[in-house]
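Here's the structure, in structure tokens; my notes come after.
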2 protein chains.
Amino acid sequence: MGMGIRAQQKEKTRRALVDAAFNQLSAERSFSSLSLREVAREANIAPTSFYRHFKDMNELGLTMVDEGGLTLRQMMRKGRQRAEAGGSVIRISVDTFMEVLDSNPNVFRILLHERSGTSAAFRAAVEREIEHFISELAHYTEASANRSPVLARAQAEALVTLVFNAGAAALDMKRADRKVLADNLVMQLRMVATGAEALQRKLEHR
Amino acid sequence: MGMGIRAQQKEKTRRALVDAAFNQLSAERSFSSLSLREVAREANIAPTSFYRHFKDMNELGLTMVDEGGLTLRQMMRKGRQRAEAGGSVIRISVDTFMEVLDSNPNVFRILLHERSGTSAAFRAAVEREIEHFISELAHYTEASANRSPVLARAQAEALVTLVFNAGAAALDMKRADRKVLADNLVMQLRMVATGAEALQRKLEHR
DNA sequence: TAGATTAGCTTACAGCTGTACGCTCAATGC
DNA sequence: GCATTGAGCGTACAGCTGTAAGCTAATCTA
């Protein structure tokens, strides 16, 4: 078994296309501003050969969103393992998040930008990825802090919203400014956690 | 006083351009995807006449962001007046916000999209508009709830983040779904407010 | 080994883009 | 009244775009 020479070469070229697209992303360049020809050029491929791998740019983009979401979840899972060894869950999660942001900025860019983007399919794909985070987090809070489902869900949404918003801001920052931002984010997350707990108590005591 | 005929005509055409651009915005169409020629066409103007009013599309876009921010602030100020007549500040603010969203969706679209957009000038302009909200809100909380400046600021940022995030989600929703979203948002905002208060007390009691 | 498959190439084309240039002619200032 | 100004227009062009068509040559299949 194992892929034949042909399939291997094809996979390699496909990767070159995906990587080329990721590499062209920057603060000044969004996915939707990339042209098929630009990506093909960067991947050292004739424009028309692009079609051997993707139906159009849209299909490439969705592939990238899926891949990006996967990367993100893998990294955060590692962070959670680190948190289990002790320490503030919030702090460690934020630190992990910032590290991911630092090492994979372009994975982030496509998620952040296409979330408010112009294609319904893209928005849905990004929302699906974010939903993973929210429901994982909600489930965790519901179990560990004995939160009501509705409250746990609202809390998780708020936390993820604040984290992603901070992530967007951090993308264009120098390391020093990021530290301030991270501290501020931790403070906001604690607000939400504390507030959710207070609301929970109020619900129970009547 | 009183513009001459010439200046009046010019202003009218300029408005036609701005309005044409706003009208072309939709869930499927972002400002950066508009071409100069498209806007000129929609405004019933020759493409080259565009330059009599704006240096380029960028300048048009910045004008739109400024105008949008102004509209937004005016509407929210009216909401605040309504809140002074009594009732939950949070609830009334959220309702006002949803009304604005309903009547000026495209003002919102450009702010939301260009916030994570590809042009630094745009991002800065949007951030400036959002900063208005944050600092107004922080000032208000600092005074009325006797919050420490740092805490008040973090709280205000969190509130605005949650509201804008909900706004983005609400844009593509039907009225019924928006209601659910609004209720959920109110809950999250209360979490933040309650949590901020708890943190404040902790600071004072030691 | 002979024939079928297919990744990648070259060439080609129509459609769109931004914008340079120069004209017209109504409003303006003197 | 006459010269100046300037908003809007038409024409033109080079550069980009997505993609259709058909070829080549390496790999796969039987």
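The values are calculated or read from the model by the stated rules, or taken from the named source; none is laboratory data. Just so it is clear, the structure is predicted and the values come from calculations on it, not from any experiment. We place every Cβ from the backbone using ideal geometry, glycine too, and count neighbours over all the protein chains shown. The area values use the complete protein model at the heavy-atom level, side chains included, leaving out ligands, DNA and RNA. Shrake-Rupley method; radii C 1.70, N 1.55, O 1.52, S 1.80 Å.
Structure data summary
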read-out	value
Position A:ASP19, label points 7 Å along Cα→Cβ, spacing to each other copy in nm (shortest first, one decimal)	5.3
Copy-to-copy label separations for B:LEU36, where each label sits 7 Å from Cα toward Cβ, in nm and ascending	2.7
Three-way shape call for the stretch A:58-101 based on the alpha-carbon gyration tensor, with the a/c threshold at 1.5	prolate
Prolate/oblate/rounded label for the protein assembly as shown (Cα gyration tensor, a/c 1.5)	oblate
Modelled FRET efficiency - R0 60 Å, B:MET3 with A:LYS12, Cβ distances, 0.05 increments	0.40
Förster radius 22 Å - calculated FRET efficiency between B:ALA120 and B:THR71 (Cβ-Cβ, nearest 0.05)	0.40
Accessible surface of the protein assembly as shown [probe 1.4 Å, protein heavy atoms]: carbon and sulfur percent	54
Per-copy distances of the A:SER103 label point, shortest first, in nm (7 angstrom along Cα→Cβ)	5.1
Relative contact order of chain B, pairs being alpha-carbon contacts under 8 Å that are 6 or more residues apart, as %	18
Chain A, rotation onto B, residue closest to that axis via Cβ, with its distance in Å	A:GLY195, 2
Kyte-Doolittle mean at least 1.0 and Cα axial length at least 30 Å: DSSP H helices in chain B	B:149-170
Stokes-Einstein diffusion coefficient of the stretch A:61-204, Kirkwood radius over Cα pairs, 25 °C, 0.890 mPa s, in µm²/s	155
Ranked order, B:THR161, B:THR48 - accessible area, probe 1.4 Å, largest first	B:THR48, B:THR161
